[in-house]
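Every number here is computed from the coordinates shown, using simple stated rules; none is lab data. None of these values were measured; they are calculated from a predicted model. Virtual Cβ from ideal backbone geometry, glycine too; neighbours counted across all protein chains shown.
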Amino acid sequence: MIRVFVLLFLLLTSTLAFSSNETIKHNISGKVIDSITQQPIPYATVSISKDNVIIDGVITNENGEFELKIQKGNYIIKVEFLSYKSYERPININSSTNLGTISLSESSEILDEISVRAEKSTVSLQIDKKVFQVGKDLLSQSGSLAQVLENVPSVSVDLDGAVSLRGNTNVSILINGKPSVLTANNGLNQIPAEQIDRVEVITNPSSRYQAAGTSGIINVILKKNKVSGLSGSINISNSAPADVNTSANLNYKTNKLNLFSTLGYRFVDNRITENVIQNSSVNTVPIILNRRSDAYRNSKITNMYFGFDYFLSESSTLTAAYYKVLIKRNNSVDYTYDYFNALQVLDSTTFRSEKYYEPMDHNQLELSYTKNFGDKGKKLVVDFQYDFWDDDENESFSTQNTFPILEEEILSRTRDIESSKDYLLQVDFTNPLSEDSSFETGFRGESRIISSEYKAEAFQNNQWEIINNIDNKLDYKERIAGAYALYAGKASKLGYQLGLRTEYTNIEILDRKGEFEDTKSYTNFFPTVHLNYTLSEKTTTQLSYSRRINRPSFWHLNPFGGLAGINAQRQGNPDMDPALTSSLELGLLTRIGKLRLNPSVYYQNTVDPFQFFTERNEDDILITKPINIDSESRLGVELSMNYRPYNWMQLSGEVNYFSFQQRGDFEGVNFDADNSSWFARINSRFKLPKQYTFQANFNYTGRNENAQTITKANYFLDLGLNKPLFNNKVALTFNVRNVLNSRQEQILRTGEGFSYESHRKLLGPKYTFTLIYRFNQKENSKTRRPGRSNR
């Protein structure tokens with residue numbers, strides 16, 4: 001067998017040697033960039049023609065670079081990309097040639113009385129990711145990251161701010177390619193939309209990224225300053241219902257120093273109603289509960305960020321920064337509980353009033369060193385980060401039976417004091433081995449310590465007394481050490497990227513009473529494979545594989561989840577295990593005229609996936625907690641499109657259909673389920689006379705069902721209108737969210753001895769007016785913002 005392989009190898013090498021001597025081809029390379037922003041343009045089409053016949057072609061990579069091989073002679077090179085003017089010029093090839101940098105200008109024209117301003121597409125489809133340009137989306141001019149993600153392809157956000165990717169909530173949200181405490185603890189409202197440049201959706205990441213997030217990664221890229229001298233912007237927006245958002249950003253840049261700062265304040269006030277119908281049986285006696293709630297949520301968010309980039313030399317930079325976020329939440333909820341007997345006759349009524357107060361203090365210190373070596377693309381990056389935050393959750397309740405007789409008021413309260421200290425050190429090294437290959441490696445070490453001290457009390461016998469022995473302190477310690485290696489290369493029209501990542505995890509849980517003590521340590525390997533093949537100058541396909549992990553967060557593990565509801569409560573599960581997913585995806589990116597299509601087929605198989613389990617306890621309270629079931633397999637088909645028939649019209653959209661199989665048992669309950677769901681999004685954007693821009697975005701999410709829960713279909717429509725003034729130094733935007741007053745969540749949950757049906761609704765449309773003023777900035781200038789964040 002060995003002799004056969006040796007013989008085949010000799011035959012192959014001799015054949016290649018003979019063919020190379022027969023026709024010598026020279027390397028032609030270059031880089032394509034935007035003429036204004038000087039940013040690279042990935043996936044632009046580069047073609048070489050002779051006598052009006054295309055000889056060869058290629059698509060630029062993520063860095064805007066291209067390379068192809070051509071025999072000597074006279075040719076025409078042409079570079080094209082959607083919404084840009086074509087670049088074309090003759091070239092003479094006698095030897096390997098680097099054409100240098102090719103700048104493309106965005107196209108603009110005047111049709112009748114319609115003024116068209118050149119701009120990038122809101123959604124850019126690429127072979128390995130989807131890129132959402134926040135600055136071009138009118139519906140993202142105000143608000144926060146949570147509102148931005150509502151318009152991002154493949155992403156959904158529910159009423160509580162929980163994010164899912166392709167219908168899967170196990171998604172990792174990164175800031176500038178790295179985790180951040182700013183995205184933890186449902187903190188998406190902490191990042192203003194004005195600070196975000198773009199959002200990348202990566203469904204099958206390489207080993208360069210941390211392995212967390214079984215459904216993929218949402219990478220939020222924040223803006224950076226590239227303008228010398230003093231520059232900045234002021235953003236003011238106001239909404240009805242109340243949502244006031246203001247921010248000021250200042251940057252000062254010289255040859256050696258770049259100072260950056262931002263100060264922002266946001267005031268949010270909204271209302272959510274909920275109606276619950278719960279059927280259960282206590283001692284064979286059926287009970288029907290109708291619970292109505294009216295919630296007012298108020299948040300005050302102050303964020304401050306300042307720091308500097310110091311350019312030690314032309315090739316090295318030192319960055320230091322400090323970010324602080326202060327949050328105060330004041331919520332109030334009124335609950336009415338009507339209990340009916342089997343004949344549906346009102347038996348009793350209970351009224352409960354809840355006051356919730358939560359001050360939060362988040363801090364982040366950053367230190368980063370970047371060294372660019374003489375070789376093109378060779379780079380070393382060292383990041384250190386320290387995050388620390390404090391959170392104090394206070395709930396107070398007043399509960400009173402009002403029917404059939406008015407009883408004495410009962411007072412109760414809870415408090416959960418949380419704090420965290422997170423350390424991270426990360427080193428990344430990139431080394432191009434040749435024009436066709438590169439090698440990357442790096443390691444990261446992180447440590448997190450979270451403490452939660454909680455108790456629940458009732459006012460009895462003229463003093464506060466502990467309820468149900470709820471008085472404990474839980475400490476959670478997490479240590480993760482990881483390293484990766486990544487090799488990329490190409491052969492003709494085939495590009496490949498092979499990676500391997502390994503991560504060691506140690507988790508320790510301790511509590512004051514010794515009820516939840518546990519230690520878990522495990523080492524996992526995460527291989528990744530990405531293959532790209534250029535079928536033609538307009539069509540590229542990719543086959544990718546990755547293995548990823550979803551570790552339970554402290555939110556999943558903390559056993560105390562509050563006591564807001566009389567009939568239903570949430571708890572954590574300290575015995576959760578991580579979920580491991582293997583993901584395979586086949587995608588295609590093609591252009592047909594002015595239509596860009598990105599169909600893909602994906603398959604995911606998960607071991608120990610997370611699931612929520614609801615059971616009724618002896619007090620007829622429904623307890624919901626996260627658990628692990630045995631497995632889940634998911635098969636899906638997604639079609640994304642971007643169509644620009646005219647310079648004044650841009651259409652984009654997507655349809656995603658997936659089916660899944662879940663298997664497992666927990667405490668005698670079977671969680672086997674086979675089902676499917678789908679969602680769709682349509683976004684339209686029109687340039688109108690007088691430089692007005694109109695945008696409409698429609699979202700639809702289909703019915704979803706598993707073993708215990710049915711979530712009904714939901715849809716909503718958002719509209720926006722924009723007008724630039726004073727040579728684009730000022731931008732005015734008016735948008736309306738939830739135009740149809742249809743944003744709601746309808747859930748039916750069933751289990752042994754109970755059924756629970758909830759209908760929650762965000763009341764009314766939201767009208768927002770935004771004014772942005774920029775000085776010493778072009779409209780698409782990139783301003784330095786918080787968070788080259790690692791946690």
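Some observations on this one:
- Calculated [θ] (222 nm, deg cm²/dmol) that DSSP helices of n ≥ 4 give over the chain, each run adding -39,500 (n - 2.57): -1000 deg cm²/dmol
- With 0.36 nm allotted per residue and the present C-alpha distance subtracted, the LYS25-TYR533 stretch has 180.8 nm of extension available.
- Between 0 and 90 degrees, the angle of helix 2-22 with respect to the longest Cα principal axis of the chain falls at about 50 degrees.
- Selection among LEU99, MET304, LEU688 by position relative to the dipole of the chain gives LEU99 as farthest towards the positive end (Cβ unit charges, Cα centre).
- If only the Cβ of Lys and Arg carry +1 and only the Cβ of Asp and Glu carry -1, the dipole of the chain around its Cα centre is close to 3940 debye.
- FRET efficiency for GLU465 and TYR357, using Cβ-Cβ distance with R0 set to 22 Å, rounded to 0.05: 0.50
- For the set LYS473/LYS520; LYS379/LYS520; LYS253/LYS690; LYS328/LYS520, the pairs lying more than 24 angstrom apart at their alpha carbons are LYS379/LYS520; LYS253/LYS690; LYS328/LYS520.
- Reciprocal of mean inverse Cα separation for the chain (Kirkwood radius, Å): 28.9
- Where GluC sites (Glu not before Pro) in DSSP loops with at most 13 other Cβ within 10 Å are excluded, longest remaining stretch of the chain: 114-313
- Loop-located trypsin sites (Lys or Arg not before Pro) in region 44-95 (DSSP state not H, G, I, E or B) with no more than 13 neighbouring Cβ atoms inside 10 Å: LYS72.
- Fewest-first ranking of MET576, MET649, using other Cβ atoms within 10 Å as the exposure measure: MET649, MET576
- For region 24-104, with +1 on Lys and Arg beta carbons and -1 on Asp and Glu, the positive-most of ASN61, ILE41, ILE76 along the dipole: ILE76
- Above-threshold pairs, the threshold being 20 Å between Cα atoms, out of LYS223/LYS766; LYS130/LYS687; LYS78/LYS223; LYS355/LYS455: LYS223/LYS766; LYS130/LYS687; LYS78/LYS223
- From the alpha carbon centroid of region 500-555 to that of region 680-714 is 31 Å.
- Considering only alpha-carbon pairs that sit under 8 angstrom and 6 or more positions apart, the relative contact order computed for the chain is 11 percent.
- Debye equation applied to the C-alpha atoms of region 24-104, log10 I(q)/I(0) at 0.16, 0.23 Å⁻¹: -0.54, -1.08
- Translational diffusion coefficient of region 307-357 (Stokes-Einstein, Kirkwood radius from Cα pairs, 4 °C, 1.567 mPa s): 77 µm²/s.
- Three-way shape call for region 615-708 based on the alpha-carbon gyration tensor, with the a/c threshold at 1.5: prolate
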